[in-house]
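Reviewing the structure listed below.
Values in this text are rule-based calculations from the coordinates and carry no lab data. Because the structure is a prediction, the values reported are computed rather than measured. We place every Cβ from the backbone using ideal geometry, glycine too, and count neighbours over all the protein chains shown.
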Amino acid sequence: MTKRKDGANGTGGAQAGGSFAGTPADRLVRLWRTVDQRFGLLLDEVLDAGRQAVIEAALGKLREDEQYEFLDEVEAIAESIQRTDSYGDLSTITLFWLAVEVDGDLSEPPAVEVIERGLDSSGLLENAADTKLLPLWLDPEPLSYLEAADRRALLNRLLVSVDEATAYARQQDLIAPVAGSSPRFVAVVGLVEESGDGMPVGETLPDPLNFGLDSVPDPELDPVEEARVREALEHFAEQVKAADPRVRRCEPIGGLNDLLDFTADAEWQADSGLNEVADFLDVASNETGDGIVDASVADTGAGLHVRALDSDGRALDDRLFTLDGEAVEAAMALLKRRCRRVVTG
């Protein structure tokens, strides 16, 4: 697919639709099937007008084997626009998402200034001209119901102001409840602006942000670049965690679909709990003179209650880890590997 033209300042429907006759849905399907760059122009008009029904009608006109690819591309375009400033310079503006694991009350908003500084200093957005984050904890469940037109509406409102985007998030019931079981997964959304001709359709973020700590690395990624990205991600996460004690993990993700897949991934959730156990043992070990840690473990039904002791039996720390199922077995295996002795009961 070719790069889209200026969506924010796009041309009218007649030009976008070209000589194709029929409804906007008919024209979308034809332009998409012929890989015509006017597809992006027409789709931008549909999205900015909030005409989700046109997209649904186009889906109904496609063969079953085409529908997923079409919708995936439409949703990617919905989260990215191009615009021209008063000097005629072109830039691409894209929604980007952070997957965050938090433990505690969410009445206070996330420290977006710290997140922005962390992104800037990490080098993850080295091609970015500007970034803006929405200071809200968002709930992945209602986010999963955002249609393509809703995603474009969120982008456009965040472009106008944080207040406009906040009002939209409240209207759509996207804000995570203040109270709830902990830890839990939430999201932070922002905009990143890149100068130049922008990105091809379907690429919703600069490549480094599509490389999560727990994702499968691109086999073609240079080992040196892979190491740089991993180090940058770890540095970024540590900055955010240090600034907000509620944050256990914070990872940049691609588009909204990537975020929803990421936060729903059972392995990532299990790994998150195991990382907490490993961090707990690291801290306990650092408090000993010989590095030896014994553990006393009780399964409370709500999770594992772990007490760490040094080699003389002195209590170092204790914590309740909310784990269940296979995660409990994995945590027990980790404790047995890391500790001199593990007593259960």
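If you plug the beta carbon distance of residue 130 and residue 49 into 1/(1 + (r/R0)^6) with R0 = 25 Å, you get a FRET efficiency near 0.45. Extension gain for residue 286-residue 317 works out to 10.0 nm (0.36 nm per residue, less the C-alpha to C-alpha distance). Taking amide H atoms as placed 1.01 Å from N in the peptide plane, the amide H of residue 248 lies under 5 Å from those of 101, 102, 103, each 5 or more residues away in sequence or on another chain.
For residue 241, a cut-off of 14 angstrom between C-alpha atoms picks up these aspartates and glutamates, skipping any fewer than 8 places away in its own chain: 101, 103, 113, 116, 251, 276, 279.
With the simple spin-label model, which puts each label point 7 Å out from Cα in the Cβ direction, the residue 261 to residue 344 separation comes to 3.6 nm. Subtracting the Cα-Cα distance of residue 116 and residue 226 from 0.36 nm times their residue separation leaves 37.4 nm of extension gain. So if we plug the beta-carbon distance of residue 145 and residue 167 into 1/(1 + (r/R0)^6) with R0 = 25 Å, what FRET efficiency do we get, rounded to 0.05? That pair, residue 145 with residue 167, gives E of 0.85.
Extension gain for residue 330-residue 90 works out to 81.4 nm (0.36 nm per residue, less the C-alpha to C-alpha distance).
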